[in-house]
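The values are calculated or read from the model by the stated rules, or taken from the named source; none is laboratory data. Fair warning: this is a prediction, and the values are worked out from it, not measured in the lab. Positions of Cβ are generated from backbone atoms using ideal geometry, with glycine treated the same way; all protein chains shown enter the neighbour counts. Ligands, DNA and RNA are excluded from the accessible area calculation, which covers all protein heavy atoms including side chains. Shrake-Rupley method; radii C 1.70, N 1.55, O 1.52, S 1.80 Å.
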Amino acid sequence: MGVPQAGGGPPGSSERLIAELAAGLRPVRRLPSPVLLALLWLLLAGLVIALAVAGFGVRHDLGHAMAEPGERAQFLASVATGIAAALAAAMLARPERSGRWALLPLPPLALWLASLGWGCLADVARLGPAAWALGPSWGCLKFILVLGTPLTAAMLLLLRHAGPVRPQPVLLLGGLAAAALCSAGLSLVHHLDAMLMVLVWHGAAVLALMGLGWALGRPLLAPPLEQPGHRAG
């Protein structure tokens, strides 16, 4: 007769149980690198925005506008903000990455805002009080939101397995990335007479898209609830 196993089970029961459990295991798939996920999303965003620009048509004065240092700085800063925000969101979705990645989009974002502010001052010097006139531009808001909403959703889908690590900054940065790139795309097809209108309407669209990403993405990236009766040790 065999010697009883610890716990009172029949001989070899522990080994059989371990073998049965191991037989059903599947290898864990490693998540793609954050850089790769960011590049995939940026390629998708570039394709979507390029198709939209082709559909609407490039503005007739684009060459003249890009020859202006302020216009060129605004465009390049918005593109850099979108790229940096996308990379930062992908990095922050991983627990082993430093939370300081959230600071990555701040320099280009500051440059973007500074270029818009400088343009407002230049308009005041050139136009006088007329520079403060603010008219409606719902087309700007619609362009950024219509393009940015699916791009924000795509970002959240790419990061849904890792996003619960830091859901709040991932959601905000995902919305910022989509809005900044869509704003850059909008500047290729639409011209606003005053830089103040660009600041207000583009800024409103950026904030709206970040808020929309926050509202729609929280359930997707929320950390899983604890099982009933389970308590952390």
request  = Evaluate region 130-151: report whether one residue or more is open to solvent by 20 Å² or more (accessible area, probe 1.4 Å), assigned to a helix (DSSP H, G or I) and at pLDDT 90 or above.
outcome  = no
Output for Cβ contacts, cut-off 9 Å, separation at least six or different chains, first residue among the aliphatic types (A, V, I, L, M) in region 196-215, second open to solvent by 40 Å² or more (accessible area, probe 1.4 Å) and at pLDDT below 70, reads LEU196/VAL124; LEU196/TRP132; LEU196/ALA133; LEU196/LEU134; MET197/ALA133; MET197/LEU134; VAL200/LEU134
Somewhere in region 185-194, is a residue of a type in the set (A, V, I, L, M) and modelled with pLDDT under 75? yes
How many residues of region 51-86 are more than 22 Å from ALA110 (Cα to Cα) and without any contact (Cβ under 8 Å) to a residue 12 or more places away in the chain? The answer is 6
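Could you tell me which of the residues ALA77, ALA162 is at pLDDT 80 or above and surrounded by 19 or more Cβ atoms within 10 Å (Cβ to Cβ)?
Details: ALA162 fails: at pLDDT 80 or above.
The match here is ALA77.
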*asked:* Would you confirm whether or not region 91-100 contains a residue that is open to solvent by less than 20 Å² (accessible area, probe 1.4 Å), in contact (Cβ under 8 Å) with a residue 60 or more places away in the chain, of a type in the set (Gly, Ala, Ser) and closer than 30 Å to PRO32 by Cα?
replied: yes
